[in-house]
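Notes for the one structure printed next.
The values are calculated or read from the model by the stated rules, or taken from the named source; none is laboratory data. Given the structure is predicted, the values throughout are model-derived calculations rather than measurements. Please note: Cβ atoms are built from the backbone with ideal geometry, for glycine as well, and neighbour counts cover all protein chains shown.
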Amino acid sequence: GIIDWGDITAGDPATDLSGVWMLFGSAAVRQQALEAYGPVSAATLVRARGWALAFGLILLDSGMVDNPRNAALGAQTLRRVLEHE
């Protein structure tokens, strides 16, 4: 059988927050989205950035094979995460 380890993140706000770097191009809008979410611990924010990096790498790698749009989204996500202070 196959074990889908991605399901172990259920209930972790970090996986939800990782989308901030994928969805919003503006750093100011990303900050507003994080603030609108509510109080988030520093550890949760670090995990969210980690998940965004992971998703960005997956999109970039898989997209380079046959999906330029996914590759572009992956590259954008990585840039946004790395520029975040």
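For every residue, the table says whether it meets (1) in contact with a helix residue (DSSP H, G or I) (Cβ under 9 Å, 6 or more places away or on another chain); (2) aliphatic (A, V, I, L, M); (3) at pLDDT below 95; (4) on the phi < 0 side of the Ramachandran plot.
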| position | (1), (2), (3), (4) |
| --- | --- |
| Ile8 | no, yes, yes, yes |
| Leu17 | yes, yes, yes, yes |
| Tyr37 | yes, no, yes, yes |
| Leu59 | yes, yes, no, yes |
| Pro68 | no, no, no, yes |
| Ala72 | yes, yes, no, yes |
| Val81 | yes, yes, no, yes |
_I want to confirm something. Restricting to the stretch 28-75 and keeping residues that are polar (S, T, N, Q) and closer than 22 Å to Pro13 by Cα, which single residue is surrounded by the most Cβ atoms within 10 Å (Cβ to Cβ)?_
Thr44
